[in-house]
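Inspection log for the structure reproduced underneath, given as structure tokens.
The values are calculated or read from the model by the stated rules, or taken from the named source; none is laboratory data. Remember, it's a predicted structure, so these values are computed and weren't measured experimentally. With ideal geometry, Cβ positions are generated from the backbone for all residues, glycine too; neighbour counts draw on all protein chains shown.
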Amino acid sequence: MKSLQIVDIVPMVMQAGAPSSTAWTGAGGKSALATARNWLFVKVITNVDGLFGIGEGSGWPRVLHTAVQDLKAELIGQDPRHIERLWQRMRLATMGHGDTGVVGAGAITAIDMALWDIKGKLLGTPVWDLLGGQVRDKVRYYAHAKSVDQARALVATGVTTIKLGGHHDIVARCFALREALGDRIDICVDLHGPPWLPAIDSIAIGKALEPCNLLFIEDPVSPEDLEGWGRVRRALDNTPIAGGERLANKWGAMALLGELVDIIQPDTGRCGGITEMKKIAALAETHFVQVAPHSGSLGPVAEFAAVHLMSAIPNGLMMERLEPDWSGKEAAVRTGLVASAGHITVPTEPGLGVELNEAFVAQHPSQRNVAIATGGWQDPQEEGRTYVSMRRQRARLTSQDQSIEPK
Ligand SMILES: [Mg+2]
């Protein structure tokens, strides 16, 4: 074979719609995801006819679009098979910009993912095979619900784990869900670690939730508040703690691994790529920590990557999945993942096994990529959700609200 080279890297950014009925579509369709969700795809093209790879990056997709174009100059002419070498090259190329966090890691992720896709296609084998083979041929996932009815509908499809998000009435909502679903369903609570939630209030919420026997509490405080995170960890000794979606690469994950989390949640689009996720999973394994990849606003290509990774690592707990998601998630790829009974079937096609519908992507040009999540910053007179809110009002930890607890 003639020498294999990268000849072009094409980033594609698109405006994606919000999930249809669950999760973050509140506030009359004005939530962050409803207005500002973008997907960034990358096509890495080689000099071999028809051989190219597809990847996806998150972190700030519109900014990644430029970052990928910048990185392209360092990669043209390189052999795409040497993934580790190219990963290090990209890392060094962004060093001069300082600590680029999830934006830099997101751009590296998108390209790295496409390189694994190329290698699999070249060798005629799935990415999970390149990662050491399968530990499992289907991957469990959890879904989001805003109401008991939504949760019941998901459970009826075979989903075994439901995640509640936010702070408003979270304790009451969680007890209602546990009462409705019984003990055979896992429940998780995502507190989203906003800057206005101090550790002492997160501890109060966590203690109130202890009777719900949660699978985990996610992002109890901001990941910048590691001292506060440690206080939460020590205070909530009956509830597993999860986190990591806002952290870039293995060094970000290491800040939480060991003492602070039971479950690490690297974002498949911005943690540094399949290369880096495999290392994060290995670091987690040394601490007996499980891996539950974050999805959030990610598109379909990153989900394929997460499934391959989860198939190949021993400590993969489950994946996050928005269900139902925007219909465009299926339309953006030629063939989607198969999900049933709360599990995603691991693909067996060479590479990632995903084919991007580039025409569909082009039909949805990016318009807006920044928004504040619903409730993230309200007028200060609205109590409950901002820096100035009254203590213990955020989760309605008052005596009258606790009356809904099961007797
Ligand atoms: Mg989260």
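Annotations for the structure displayed:
- For region 163-181, the count of residues that are in contact with an Asp or Glu (Cβ under 8 Å, 6 or more places away or on another chain), of a type in the set (Val, Ile, Thr) and surrounded by fewer than 21 Cβ atoms within 10 Å (Cβ to Cβ) is zero.
- Residue count for region 225-241 under the criterion of being within 16 Å of the ligand (Cβ to nearest atom) and more than 16 Å from Thr161 (Cα to Cα): the result is 3.
- Answer from Lys146, Lys207 - the residue that is charged (D, E, K, R), more than 23 Å from Ala18 (Cα to Cα) and surrounded by fewer than 21 Cβ atoms within 10 Å (Cβ to Cβ): Lys207
- Residue match in region 243-256 (condition: assigned to a loop (DSSP other than H, G, I, E, B), touching a Gly at 6+ places or on another chain (Cβ under 9 Å), more than 14 Å from the ligand (Cβ to nearest atom) and modelled with pLDDT of 95 or more): yes
- Of all residues in region 262-276 being over 9 Å from the mean Cα position of the chain (by Cα) and closer than 30 Å to Gly17 by Cα, the one that is farthest from the ligand (Cβ to nearest atom): Thr275
Condition check ((1) in contact (Cβ under 8 Å) with a residue 40 or more places away in the chain; (2) touching a strand residue (DSSP E or B) at 6+ places or on another chain (Cβ under 9 Å)) across all residues:
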site: Leu164; (1), (2): no, yes
site: Arg173; (1), (2): no, yes
site: Pro194; (1), (2): yes, no
site: Pro198; (1), (2): no, no
site: Ala208; (1), (2): yes, no
site: Gly230; (1), (2): no, no
site: Arg234; (1), (2): no, no
site: Glu245; (1), (2): yes, yes
site: Pro266; (1), (2): no, yes
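- Within region 337-348, tally of residues that are surrounded by 16 or more Cβ atoms within 10 Å (Cβ to Cβ) and either hydrophobic (A, V, I, L, M, F, W, C) or under 20 Å from Phe41 (Cα atoms) (or both): 5
- Flag if Ser327 is more than 16 Å from the ligand (Cβ to nearest atom) and hydroxyl-bearing (Ser, Thr, Tyr): yes
- Subset of region 248-262 (residues that are in contact with a strand residue (DSSP E or B) (Cβ under 8 Å, 6 or more places away or on another chain) and crowded, with 23+ Cβ neighbours inside 10 Å): Ala253, Leu256, Val261
Condition check ((1) under 21 Å from the mean Cα position of the chain (by Cα); (2) of a type in the set (Asp, Glu)) across all residues:
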| site | (1), (2) |
| --- | --- |
| Ile200 | no, no |
| Leu214 | yes, no |
| Glu224 | yes, yes |
| Ala248 | yes, no |
| Leu256 | yes, no |
| Leu260 | yes, no |
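- For region 297-335, the set of residues classified as of a type in the set (Gly, Ala, Ser) and within 17 Å of Gly55 (Cβ to Cβ) consists of Ser297, Gly299, Ala302, Ala305, Ala306, Ala332, listed by residue number.
- Single residue of Val155, Val159 found to be part of a helix (DSSP H, G or I) and either more than 16 Å from the ligand (Cβ to nearest atom) or farther than 28 Å from Glu276 by Cα (or both): Val155
- Some residue of region 301-310 being small (Gly, Ala, Ser), at pLDDT below 95 and in contact with an Asp or Glu (Cβ under 9 Å, 6 or more places away or on another chain): no
- Residues in region 268-300 that are at pLDDT 95 or above, among the hydroxyl-bearing types (Ser, Thr, Tyr) and in contact with a strand residue (DSSP E or B) (Cβ under 9 Å, 6 or more places away or on another chain): Thr268 alone.
- Entry remark, region 169-194: residues being part of a loop (DSSP other than H, G, I, E, B) and within 16 Å of the ligand (Cβ to nearest atom) number 4 in total.
- Number of positions in region 277-307 that are surrounded by fewer than 24 Cβ atoms within 10 Å (Cβ to Cβ), in a helix (DSSP H, G or I) and either within 16 Å of the ligand (Cβ to nearest atom) or acidic (Asp, Glu) (or both): 1
- In the set (1) modelled with pLDDT under 95; (2) away from the ligand (no atom under 16 Å from the Cβ), Ile313 fails one condition alone, (1).
- Every pair of residues 6+ apart whose Cβ atoms lie under 7 Å, when the first sits in region 211-224 and is within 14 Å of the ligand (Cβ to nearest atom) and part of a loop (DSSP other than H, G, I, E, B) while the second is at pLDDT below 95 and polar (S, T, N, Q): Pro220/Ser202; Val221/Ser202
- Tallying residues that are free of Cβ contacts under 8 Å to residues at least 60 places away in the same chain, of a type in the set (Gly, Ala, Ser) and closer than 24 Å to Val291 by Cβ within region 104-150 yields 1.
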